[in-house]
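**Student:** Handing you this structure, nothing more for now.
The values are calculated or read from the model by the stated rules, or taken from the named source; none is laboratory data. Keep in mind it's a predicted model, so treat the numbers as computed, not measured. Here the Cβ positions follow ideal geometry from the backbone for every residue, glycine too, while neighbour counts run over all protein chains shown. Areas reflect the complete protein model, heavy atoms only, side chains present, ligands, DNA and RNA absent. Shrake-Rupley method; radii C 1.70, N 1.55, O 1.52, S 1.80 Å.
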Amino acid sequence: MDFDVDVLDLRLGAEMTFPVADKLLELGGKFVFSAGFGEGEVDGRYTQTVLQKPYDEAALINAIART
């Protein structure tokens with residue numbers, strides 16, 4: 001992998017990105033979810049940080065640091 005931490009948008013249009021999250025986990029990747037509708041949309045099997053949109057630079061830095 002060519003990155004340390006990925007910011008994965010939880011929803012792209014009508015599609016959820018859980019298959020991408022699963023692949024990242026399978027490959028040992030670290031990521032945070034970015035969500036406009038809050039943590040309630042995240043499947044309970046994920047423990048990754050959820051970054052609430054809109055977010056600022058400080059929130060992004062904090063989420064990455066926690067990951």
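**Student:** With a 1.4 Å probe and every protein chain kept in, tell me what percent of the accessible surface of the chain is carbon plus sulfur.
**Tutor:** The value for the chain is 53 percent carbon and sulfur by accessible area.
**Student:** Let me check I have the definition right: for the chain, take the eigenvalues of the Cα gyration tensor, multiply each by 5, take square roots. What are those semi-axes in whole Å, largest first?
**Tutor:** On the way: eigenvalues 56, 52, 21 Å².
Semi-axes from the Cα gyration tensor: 17, 16, 10 Å.
**Student:** Tell me the per residue accessible area of the chain using a 1.4 Å probe; a whole number in Å² is fine.
**Tutor:** 66
**Student:** Ordering Thr67, Thr47 by how much accessible area each has at a 1.4 Å probe, largest first, what is the list?
**Tutor:** Thr47, Thr67
**Student:** Ignoring ligands and nucleic acids, what accessible area does Asp22 show with a 1.4 Å probe (Å², nearest 10)?
**Tutor:** 60
**Student:** Let me ask something else about it. Provide the gained length on full extension for the span Ala65 to Phe37, in nm with one decimal, where the gain is 0.36 nm per separating residue minus the Cα-Cα distance.
**Tutor:** Difference between extended and current length: 7.8 nm.
**Student:** If I model a spin label at Lys23 and Arg11 as a point 7 Å from the Cα along the Cα→Cβ vector, what separation in nanometres do I get?
**Tutor:** Calculated label separation equals 2.2 nm.
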